[in-house]
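The structure under discussion appears below in the form of C-alpha cells.
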Amino acid sequence: MDMERGAACYRQWIAGQEAGLAELEAALANAGATDAELRAVVERCMRGYQDYVAGRRAVSPHDGTAFIAPPWCTAFERSVLWLGGCRPTVAIRLLYNLSGEGLEAQLEELINGLGPMGPLPVGSMGITPGQMVLVTDLHRRTLLQENVLSDRLATLHEDIADQPLFPIVRQRAAAAAQPRAGGGDCDGPVGPPGGAGRGAVDAEVDAAFNSYRAAMAQLVAEADDLRMATARAMATEILTPRQAVEMLAAAKQLHLSVRDWSCRAEGAQPQPNGPRVVPANGTSAAARRNP
C-alpha cells in the first residue's frame, strides 16, 4: 500500500471534518433555517463520508491491513478503532447522551412546579419517546451486525495459526534443521524438503498474505457500509433535520477533539485548526422540537 497516499487521504478527511463542522455550526446558529436547508447540510455531511471511504478504497482496494491500525493516526486513535473506523454503535451512544442533555433540569422544574405544564420533558434536543423506540431498535440491529463482523475478524486472526501459513513455518523450520549438504557452511538459502527452492515457498507466503489482506479489505468495506447505514438511518429516518444537524456536529466535534488532544499528548503534530466547541443553540427546546 502507498502509505503517503493513505496519509494524504486521511489529512484531506480531517480538513473536510473541520469544514463540515463549521457548516453544521452555522446551520445550528440559524434559527430560521428551513427543513429543506438543514436536510441539504445533512446530505453534504453524509456525502463527505462516502467520498472519504471511496477515496481510501481507491488507494488500496485489495489491502485492508493498513486501515486496521493506520500509522497516520495517533496511538490513542488506533486503540479505539474498530475495522478502520469507529464502531457504528458509538454514534448511537452519542445520540443517547445528547438526548439526555437538559433533561434533568427540565424534570427538576416540573417536579418543583417551576416549568410549564404539558408533555413530559424530552431534553434540550427534543427527542420524543417514539424516536427513542426507533433508536433503540436501530441499536439492537446494529449491535448484531457489529458482532457478526467482529466474529469474522476473530476468525481471520485465528487463521494465522492454521492453513496455509503454519505448515510453511514448520516446513522451513525442518529445512533449517537439516544438516547442510557436504558438511560445510553455505551462505545460500536452504530449500524446504522435496527440493523446492525458497522462492517457491515465498510465493506461497505472498499468496497467503494477499488472501489475508483481501479478506481484511472486505471486512473494512462492510464495516464502512454499516457505519454509513447507521448514521444515515439516524440522520434521515429517525431525527428531524435540526436534530440530525446537532448530532452530526457533536460527532465531528468529538472526533476532532480526540484527534487534537491525542496529538498533543503524544507529541505529534496537531491539526492546524483546533477543535471548535459547538455553540449552544439559542433557540428554545420547543423550537428545537419544531424547527
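Laboratory data are not the source of any read-out in this text; all were calculated from the coordinates shown. Not measured: the values here are computed from a predicted model. Backbone-built Cβ (ideal geometry, glycine too); neighbour counts: all protein chains shown.
Taking the Cβ of ARG78 as the center, what net charge do the other residues with Cβ under 15 Å away carry, scoring Lys and Arg +1 and Asp and Glu -1?
0
For the stretch 13-72, the residue among ILE14, TYR49, SER60 whose Cα projects farthest onto the positive side of the dipole built from Cβ charges is SER60. Each of ARG93 and VAL148 was given a label point 7 Å from its Cα along the Cα-to-Cβ line. The distance between the two points is 2.2 nm.
In sequence order, the stretch 26-43 has phi-based couplings of 5, 5, 5, 6, 8, 5, x, 5, 7, 4, 5, 5, 5, 4, 5, 5, 4, 5 Hz under the Karplus curve 6.51 cos²θ - 1.76 cosθ + 1.60, θ = phi - 60°, and Gly or Pro positions carry x.
Quick one: if the Förster radius is 30 Å, what FRET efficiency do ALA161 and MET3 give, using the C-beta to C-beta distance and rounding to 0.05?
Given R0 = 30 Å and the Cβ-Cβ separation, E is 0.60.
Between the alpha-carbon centres of the stretch 163-177 and the stretch 55-93 there is a gap of 32 Å. Karplus-based coupling profile of the stretch 69-81, in residue order and whole Hz: 9, x, x, 7, 9, 6, 4, 5, 4, 4, 5, 10, 6, with θ = phi - 60° in 6.51 cos²θ - 1.76 cosθ + 1.60 and x standing for Gly or Pro. Derived scalar couplings between HN and Hα for the stretch 127-135 equal 6, 8, x, x, 5, 5, 4, 5, 5 Hz in order, rounded to whole Hz, by the Karplus curve 6.51 cos²θ - 1.76 cosθ + 1.60 (θ = phi - 60°), x for Gly and Pro.
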